[in-house]
1. Once the piece of chain linking ARG245 and PHE117 is laid out straight, how much longer is it, given 0.36 nm per residue of separation minus the C-alpha distance between them?
2. Output wanted: per-residue J couplings in Hz (rounded whole) for region 236-245, from phi through Karplus 6.51 cos²θ - 1.76 cosθ + 1.60, θ = phi - 60°, x for Gly and Pro.
3. What shape does region 161-253 take by its C-alpha gyration tensor, where a ≥ b ≥ c are the square roots of the eigenvalues and a/c under 1.5 counts as rounded, a/b above b/c as prolate, and the rest as oblate?
4. Along Cα→Cβ, 7 Å out, is where each label goes; now give me the distance between the ones at GLN34 and ASP150 in nm to one decimal.
5. What ranking of ILE218, ILE289 emerges when the number of other C-beta atoms within 10 Å of each C-beta is taken as an exposure proxy, fewest first?
6. Please give the contour-minus-distance gain from SER75 to ASN225: 0.36 nm per residue of separation, less the Cα-Cα distance, rounded to one decimal in nm.
7. Just to be sure I understand the model, the point goes 7 Å from the Cα along the line to the Cβ. What's the resulting ALA186 to VAL273 distance in nm?
8. Considering the zone a paramagnetic label at ASP139 would reach in this model (a point 7 Å from Cα along the Cα-to-Cβ line), which residues of region 213-252 have amide N under 13 Å from it?
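Bear in mind that the values in this text are calculations on the coordinates, not laboratory data. Please read these numbers as outputs of a predicted model, since none were measured by experiment. With ideal geometry, Cβ positions are generated from the backbone for all residues, glycine too; neighbour counts draw on all protein chains shown.
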Amino acid sequence: MDGTNEAPALPLNYEGVVNLVTREYPGLSGRFQQIARFFTQNPNAVALESINAVAAGCGVHPSALVRFAQHFGYSGFKQMQSVFQTRLATAAPGFRERIGAIEIDLSRNPSHGNLGFLRDLVVRDIATLQGLLDSVTEDSLSDAAHLLKDAETIYIAGQLRSAPIASFLRYVLVMLRRRVVLLDPAGGLAQEMAAAVSDRDVLVAVAFRHYAREVVAIRDAAAANGAPVVAITDSPLSPLAKHARVLFTIPEDEYSFSRSLAGPMCLAQCLAVATAALLQPDGGGTPRIPTVTGSERDRGRTARQRRA
């Protein structure tokens, strides 16, 4: 036998499973896409919990997990789960594990009422920020900063929950004297403006579930023109991931009211600082990002010196 008819080998590590699922994700059914998102965002839960618990987290019947695993060539959920279990030997703690550890530290002084709400939000934000350190690499930050430094124009798209991140990025990048265009929905011209994005520019696209359709459309238009895309989103299965030159994923659990902005806002701040470091003439010292109030103060000081 020449082996040409043999089925491809099943992935034996978590990265292989994620790559396989990501490659086939667009063609999966809605139910399977739902499972895929949970699997990629909660690998430790998939590794450690029972099939019933994982199914509850996915919002499906346990039999759907069996069919999902079989779709990718595994005998069933258990065999696919074993791949996730091998990951735990070297993996950093997952989101729920980080929350559990922080809550143990805080359990000596439990809070109730509104202060309890604040405590729960802070616990989740701390866990998210710890996870951010595990997921972001030096190369991705450096690549994104160079794109922001060298682009003729920086276009930014972020709506709904992502709008504050997009607005903040516009503010700090403008203060760094970069040419910035915020593709907001005002006037209904964002997609038409995105058609002007060229390969000399860069698009920063920010979207989380349930991904704003206009932001995805803007990404498509920019990518079609050859523009590099820096995507800030929550999963490698996000529609923003497809054409991203640099991809940042910040997975989070659902909040009872709203999902936190702590992780993506911290990442946006870091991108600004990394860009400022590249723009510093001497290339040393702590990067400085000017502020509007600081600039006004400096202008006033200069005017007083001239009058003197």
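1. Values: separation 128, 0.36 × 128 = 46.08 nm, distance 3.80 nm.
Fully extending the segment from ARG245 to PHE117 adds 42.3 nm.
2. After applying 6.51 cos²θ - 1.76 cosθ + 1.60, I find x, 8, 4, x, 6, 6, 4, 10, 6, 6 Hz.
3. Working: a/c = 1.38, a/b = 1.20, b/c = 1.14.
Rounded.
4. Taking the simple label geometry, GLN34 and ASP150 are separated by 4.4 nm.
5. Working: ILE218 27, ILE289 16.
In order of increasing Cβ crowding within 10 Å: ILE289, ILE218.
6. On the way: separation 150, 0.36 × 150 = 54.00 nm, distance 4.32 nm.
Answer, rounded to one decimal: 49.7 nm.
7. 3.0
8. 246-247
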